[in-house]
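Read through the structure below, which is laid out as structure tokens, and then see the notes.
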Amino acid sequence: MTDYAIDLHTHSTASDGLYAPQILVQKAYEAGVRVLALTDHDSTEGVAEAAEAATRLGIDFIPGIEINTETSAGEVHMLGYFLHYQQEAFQQALRTLRDARQRRGQRMVELLNEQGIAIRWERVRELAQGAVGRPHVAQALVEAGYAQSIEEAFARYLSKGCPAYVPRYKLSPQDAVRLIVSARGLPVIAHPLELPGPEILRQWLPELCALGLVGLEVYYGPYTAEQETLLLSLARQFDLIPTGGSDYHGPGIHPTPLGGHPVPAESVRRLQEAAAARSHQTPPPFTLPEPAAE
Ligand code: AMP
Ligand code: ZN
Ligand code: FE
Ligand code: FE
């Protein structure tokens, strides 16, 4: 292991993190992080600010993203690294995803209002400086006294099966890989032990690898050594790069501190190599499937 920390999974106010990009980078620096990726949900709006702060502090910065995808067996989250994120077609796709988040957030507020819960969309919008998510609705519910904690707001109102839950337009894991590849990025499956779980993932990996998947998040926030061993063998079997990070969102949200889960420098080196190889290829373009009529 290195004498500095590596963190390849973090969130800022560009999605549902609590710290602005440059503050997040500063906190990461203070925690000993010297290689950092910002992986906001459906947004790279924080990347330029974070990159600038990282350069100032001597942190090696990787532009990233996290895209939640839907399968019949549950959500799969796809990370993307070393994106050529300014590409217009890629930004257009991200805007489509964020617009869908916005409409869904508004519908959740409407449902809550119909149930006599007086929270305002304008407040949710203020709390979400970037991509709107359920955590921002949860925050508004806590603020207005309808729940004691974010957890409780999810459990009572916002989790799947709850009275104000509204599904969101989501890509398939295959399309998330295609989208990331179209911006010369490196797709990596995030926290693979969540649903649908490694057994089902194993069946999809051949196709996802053929589409351009390069990695599997192995060194993830709360994962134990045994869980890492299991995931490492899966990564080896499919020649995937084992990556890792904290999934930091701010104090008191996810348990792992910035840089808190050791990630080998070898992972970063392999990602850099893969990015260099990909930057010479012209990727196939990708167009988002139309969101279903609402
Ligand atoms: P969204 O993408 O808007 O559906 O929101 C998903 C985000 O909500 C996830 O990234 C989690 O950070 C957060 N989340 C999901 N379930 C819970 C929960 N039970 N308690 C707290 N946060 C949650
Ligand atoms: Zn999040
Ligand atoms: Fe995730
Ligand atoms: Fe995340």
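The largest accessible area among ARG134, ARG101 belongs to the first residue in ARG134, ARG101, and the rest follow in falling order (1.4 Å probe, all chains). Dipole size of segment 1-132 about its Cα centre, with +1 on Lys/Arg Cβ and -1 on Asp/Glu Cβ: approximately 300 debye, rounded to the nearest 20. The calculated 222 nm mean residue ellipticity attributable to helices in the chain amounts to -12500 deg cm²/dmol, summing -39500 (n - 2.57) over DSSP H runs of n ≥ 4 and dividing by all residues. Karplus-based coupling profile of segment 255-270, in residue order and whole Hz: x, 7, x, 4, x, x, 10, x, 10, x, 4, 4, 4, 5, 4, 5, with θ = phi - 60° in 6.51 cos²θ - 1.76 cosθ + 1.60 and x standing for Gly or Pro. Can you tell which of LEU195, GLY215, SER72 lies farthest toward the positive end of the dipole of the chain, using +1 and -1 charges on the Cβ of basic and acidic side chains (Lys, Arg; Asp, Glu)? Checking the options against the dipole of the chain, the answer is SER72. For segment 77-156, report the translational diffusion coefficient in µm²/s to the nearest whole number, using Stokes-Einstein at 10 °C, 1.306 mPa s, and a Kirkwood Rh over Cα pairs. My calculation gives 114 µm²/s for D. Our compactness index for segment 1-142, the C-alpha radius of gyration over the empirical 2.2 N^0.38 Å, is 1.14.
Remark: the chain projects, on average over all directions, an area of 14.8 nm² (convex hull of Cα atoms). Note on ASP42: accessible area is roughly 0 Å² with a 1.4 Å probe, heavy atoms of protein only.
The distance from the alpha carbon centre of segment 57-118 to that of segment 35-51 is 13 Å, rounded to a whole number. Counted residue by residue at 0.36 nm each, then reduced by the alpha carbon distance between them, the extension gain from SER279 to ARG120 reaches 52.8 nm. Given a 1.4 Å probe and the protein chains as shown, CYS209 ends up with an accessible area of around 40 Å².
A 1.4 Å probe, protein heavy atoms only, puts the accessible area of ASP3 near 150 Å². Each Lys and Arg adds +1 at its Cβ and each Asp and Glu adds -1 at its Cβ; summed about the Cα centre, the chain shows a dipole of about 360 debye. With all protein chains in place and ligands, DNA and RNA left out, the 1.4 Å accessible area ranks TRP121, TRP204 as TRP204, TRP121, largest first.
When restricted to Cα atoms, segment 153-262 yields an Rg and a Dmax of 15.6, 43 Å, respectively.
The values are calculated or read from the model by the stated rules, or taken from the named source; none is laboratory data. Quantities reported herein were computed from a predicted structural model and do not represent experimental measurements. We place every Cβ from the backbone using ideal geometry, glycine too, and count neighbours over all the protein chains shown. What goes into the accessible areas is simple: the full protein's heavy atoms, side chains included, and nothing from ligands, DNA or RNA. Shrake-Rupley method; radii C 1.70, N 1.55, O 1.52, S 1.80 Å.
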